[in-house]
Amino acid sequence: MTAVPRFAALDAPARWRTVDFISDLHLKAEEPDTFEAWASYLRHVPADAVFILGDLFEAWVGDDCAVPGSFEHRCAQVLHAASTTAELFFMHGNRDFLLGPDFLAHCGMRELADPTVLGFEGRRYLLTHGDLLCTDDLDYQRFRQQVRTEDWQRAFLARPLAERQAAARQMRAQSEQHQAAQGVYADVDAELARSWLVAASATTLIHGHTHRPGDHVLGQDASGQRLVRRVLSDWHVTADEQRAQVLRLSADGLQRLAPEPRA
Ligand code: MN
């Protein structure tokens, strides 16, 4: 059993009425319709705060990729404009764990530790990207441990940009091979998720990563409160598909807002 991590804490200011959660947009220049759907959502965002729970980008090899004219720079402009009307929070995912303080500042986003407990209207919501809870994939957990160390990141970021981009492509190919060999994508360990909720004194876990949007009941805590796991959807918008879901929190609770995928 993996040890329960340290939970960061964030209390929503009383002025917040609505908080949005999104994740796994996997933004890339090659998928312009997904970028447009996301940019249009952020241009008219009615929420007081937007929490991006990881994998905003398909890949991130260092903040120096976001030069003027680049796709990443266009994304930064969208985020910066949105940050003037909503507070933006960013949690690292397994694809964009190298996104750094320079880019965050440039976008007007605040970094959110993984995991973090959000206090809102007297309730506690446990937020995580989700990869830490997929403990069945031992190879991935070992890889994660390695690449999340300061030493590894310093050494990687010191390499020339083109070399880092090539390395990222190689890692991606390896990970796809690994997943194909496993035959099944790792999912969140329900028992571990439950123990995190209990340790964090929270009743609702919100995460992405698995690309399996859905709501799961994880039993009850000692006081009989229902424990639930809310899985965010990934975003993928093309002529045939429209996955672009937002999980919205207000005084009424949590609500999914999205065009349903076309049949
Ligand atoms: Mn992920």
One residue is enough: does region 29-46 have a residue meeting the conditions touching a helix residue (DSSP H, G or I) at 6+ places or on another chain (Cβ under 9 Å), crowded, with 19+ Cβ neighbours inside 10 Å and closer than 14 Å to Thr238 by Cβ? yes
Under 7 Å between Cβ atoms, at least 6 apart or on separate chains: pull out the pairs that start in region 52-77 with a residue that is at positive phi and end on any residue that is within 16 Å of the ligand (Cβ to nearest atom) and among the polar types (S, T, N, Q). Gly54/Ser23; Asp55/Ser23; Asp55/Asn94
Return the residue satisfying two criteria in turn: it lies in region 1-24 and is over 22 Å from Ser250 (Cβ atoms) and touching a residue at least 12 places away in the same chain (Cβ under 8 Å), and of such residues it is surrounded by the fewest Cβ atoms within 10 Å (Cβ to Cβ). Met1
Please work out which one of (1) at pLDDT 95 or above; (2) surrounded by fewer than 18 Cβ atoms within 10 Å (Cβ to Cβ); (3) not aromatic (Phe, Trp, Tyr) is the condition Ala181 fails and give its number. (1)
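Considering every residue within region 30-41, establish whether at least one is among the aliphatic types (A, V, I, L, M), away from the ligand (no atom under 16 Å from the Cβ), out of contact with any Pro (no Cβ under 6 Å at 6 or more places or on another chain) and assigned to a helix (DSSP H, G or I).
yes
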Among the candidates Leu249, Leu197, residue that is in contact with a Leu (Cβ under 7 Å, 6 or more places away or on another chain), of a type outside the set (S, T, N, Q) and not in a loop (DSSP other than H, G, I, E, B): Leu197
Would you confirm, using the coordinates I've provided, whether His209 is surrounded by 13 or more Cβ atoms within 10 Å (Cβ to Cβ) and assigned to a loop (DSSP other than H, G, I, E, B)? yes
Taking the conditions exactly as written (open to solvent by 40 Å² or more (accessible area, probe 1.4 Å) and under 18 Å from the mean Cα position of the chain (by Cα)), does Glu87 satisfy them or not? yes
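The values are calculated or read from the model by the stated rules, or taken from the named source; none is laboratory data. Since this is a predicted model, take the numbers as computed values, not measurements. All Cβ positions, glycine included, derive from the backbone under ideal geometry; neighbour counts span all protein chains shown. The accessibility values were calculated without ligands, DNA or RNA, using every heavy atom of the protein model including side chains. Shrake-Rupley method; radii C 1.70, N 1.55, O 1.52, S 1.80 Å.
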